[in-house]
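Participant: Pasting a structure here, questions to come.
The values are calculated or read from the model by the stated rules, or taken from the named source; none is laboratory data. All values derive from a computational prediction rather than experimental measurement. Here the Cβ positions follow ideal geometry from the backbone for every residue, glycine too, while neighbour counts run over all protein chains shown. Quick note on the areas: whole protein, heavy atoms, side chains included, nothing else; ligands and nucleic acids left out. Shrake-Rupley method; radii C 1.70, N 1.55, O 1.52, S 1.80 Å.
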Amino acid sequence: MSNKKQLILDTTLRLITENGIQGSPVSLIAKEAQVAIGTIYHYFPAKQDILNELFCNLCKEIGEVLKSGDNPQLNIKERFFHFYQRFFQFFIDHPKAFFFIEQYGNPPFIPEEIVIDTKKYYQEAIDFLQEGMDTGLFKDMKIELMINFVLGCIL
């Protein structure tokens, strides 16, 4: 990824945490990143594309964090506790990511195709939650509801 593209993404993340999505127009992003508006549109056809890429990058990073500390040798209950701690710690360590996901990670902002596309980054976590339901440790419910319960508690 080019330095300018990363600068645009980092600046957008910072501005959204300060001003919200609606309060962070492309013109302000360009000004704060000290790039021309044309440079932004060179990398991102629209503001939505900046937001989508930020969201995808954060989902990938979260997915890596969740995978990194998993120990399949532990029982489901212990794995869940460690999973929950890693997820929670990620947001403690990355407050801007937390704020962005809280604002953007729900409809109407995030397009359905982005939700589907980012699922690959945390599929192992979804499979783990499903395993907990299959073994009877977790209440059996739709996996989307389980994800929302877990994520809601962490957030």
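Participant: Among N3, H82, P108, whose Cα projects farthest towards the positive end of the dipole of segment 1-115, with charges put on the beta-carbon of Lys, Arg (+1) and Asp, Glu (-1)?
Facilitator: N3
Participant: How many percent of the accessible area of segment 59-143 is carbon or sulfur, using a 1.4 Å probe?
Facilitator: It is 56 percent, rounded to a whole number.
Participant: May I pose another question? When a/c reaches 1.5 or more, the comparison of a/b and b/c decides; with that in mind, is segment 72-144 rounded, prolate or oblate per its Cα gyration tensor? Display every interim value, and only then the final one.
Facilitator: Values: a/c = 2.45, a/b = 1.43, b/c = 1.71.
Note, shape of segment 72-144 comes out oblate.
Participant: Roughly how many debye, to the nearest 20, is the charge dipole of segment 1-113 about its Cα centre, given +1 on each Lys and Arg Cβ, -1 on each Asp and Glu Cβ, and no other charges?
Facilitator: Its charge dipole is roughly 160 debye.
Participant: Now for a separate question. Which of these values of log10 I(q)/I(0) by the Debye sum over Cα atoms at q = 0.08, 0.10, 0.12 Å⁻¹ was calculated from the structure shown: (i) -0.38, -0.52, -0.65; (ii) -0.22, -0.35, -0.50; (iii) -0.27, -0.41, -0.57?
Facilitator: Answer label, from the structure shown: (iii).
Participant: Another question, if that's okay. Give me the extension gain from V26 to Q6: residue separation times 0.36 nm, minus the current Cα-Cα distance, reported in nm with one decimal.
Facilitator: Full extension from V26 to Q6 adds 5.7 nm.
Participant: Oh, and also: Which net charge results for the neighbourhood of V35, defined as the other residues with beta-carbon distances under 13 angstrom from its beta-carbon, given Lys and Arg at +1 and Asp and Glu at -1? Don't jump to the answer; show the numbers that get you there.
Facilitator: On the way: positive: K4, K5, K31; negative: D10, E32.
With Lys, Arg at +1 and Asp, Glu at -1, the neighbours total +1.
Participant: Stretched out fully, how many nm does the piece from M141 to K96 gain, at 0.36 nm a residue minus the Cα gap? Intermediate values should be presented prior to the final figure.
Facilitator: On the way: separation 45, 0.36 × 45 = 16.20 nm, distance 3.13 nm.
So the chain would gain 13.1 nm between M141 and K96.
Participant: Right, something else. Mind ordering 21-28, 95-102, 51-58 by average Cβ neighbours within 10 Å, highest first? The partial results should precede the final answer.
Facilitator: Working: 21-28: 13.6, 95-102: 16.6, 51-58: 19.8.
By packing density, highest mean first, the sequence is 51-58, 95-102, 21-28.
Participant: What accessible area per residue comes out for segment 37-148, rounded to a whole number of Å², with a 1.4 Å probe? Walk me through the numbers on the way to the answer.
Facilitator: Values: 6670 Å² over 112 residues.
With the other protein chains kept in place, segment 37-148 gives 60 Å² per residue.
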